1. Only strands (runs of 3 or more DSSP E) wholly contained in the stretch 91-192 count here; list those with 1 or more residues that are surrounded by fewer than 21 Cβ atoms within 10 Å (Cβ to Cβ), of a type in the set (A, V, I, L, M) and at pLDDT 95 or above.
2. Of all residues in the stretch 22-80, count the ones that are surrounded by fewer than 17 Cβ atoms within 10 Å (Cβ to Cβ), among the charged types (D, E, K, R) and either on the phi > 0 side of the Ramachandran plot or part of a strand (DSSP E or B) (or both).
3. Can you say whether Gly178 is more than 21 Å from Arg71 (Cβ to Cβ) and touching a residue at least 24 places away in the same chain (Cβ under 8 Å), as far as the supplied structure shows?
4. Does Ala196 qualify as being at pLDDT 95 or above, within 22 Å of Gly61 (Cα to Cα), crowded, with 17+ Cβ neighbours inside 10 Å and among the hydrophobic types (A, V, I, L, M, F, W, C)?
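The values are calculated or read from the model by the stated rules, or taken from the named source; none is laboratory data. The structure displayed is predicted, hence computed values, not measured ones. Every residue, glycine as well, gets a Cβ built from its backbone with ideal geometry; the counts of neighbours run over all protein chains shown.
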Amino acid sequence: MRFIDLTHTFTAKMPIYPGDAVPQLQQIAHIEKDKLADHEVQTGMHVGTHIDGPMHIIEGGRKLSEIPIERFVGQGILIDTRGKSVIDETVVIAAEIPQGSIVLCLTGWSEKFGAAEYYTDFPRMTRGCALALIDHGVKIIGLDTPGPDDSPFPLHKLFLEKEILLIENLTHLDALLGVEAFEIYALPAKFETDSAPARVIARIVSIPRH
């Protein structure tokens, strides 16, 4: 059984979306002095790999902790959009996307994680692409970018009002290229918040034989 970690490691030097608070991570107890180790974390919910819930942008939307746990696990579908600055509906039309699947968009942008342009020049998704994904009945969309769009976040609203969750800032999606079948486990911390940091992993089900 093989697993692939699609999560950025959380550090005190994590790049952040412009305007967000800088995360704080410090060790507050040490084994030599305190007989145990402990750490303290202060962070917003949209730092690093995380999942956006309905409450993030929908008035009256559910907190992420209120979403049923089975929504965070499912068949994964990889869409390769590398080299595209605009992700349109043609990539959806060309893919086989079963209803209820978790669609991951590989743009290659995670290679720029930490660079100045990561949060400004990332590939955006078109409204047509978003509507095509909604029509396929997907339950989660994951990207190796800061998100499908930017302010005023019209696609966030399109997805989240239908409780189609968004995983942002994924990494290592290229490790899924050539994989015939895989499952996604995207488990957020159970905070009473709009969104939450998540550990996202892929479980390889089968690889084509050559």
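1. Values: elements: 102-106, 140-143, 165-168, 181-188.
Because the criterion is at least 1 residues that are surrounded by fewer than 21 Cβ atoms within 10 Å (Cβ to Cβ), of a type in the set (A, V, I, L, M) and at pLDDT 95 or above, the strands (runs of 3 or more DSSP E) in the stretch 91-192 that meet it are 181-188.
2. Final tally of qualifying residues: 3.
3. Yes; evaluated as a whole, the condition is true for this residue.
4. Working: at pLDDT 95 or above: yes; within 22 Å of Gly61 (Cα to Cα): yes; crowded, with 17+ Cβ neighbours inside 10 Å: yes; among the hydrophobic types (A, V, I, L, M, F, W, C): yes.
Criteria met by Ala196.
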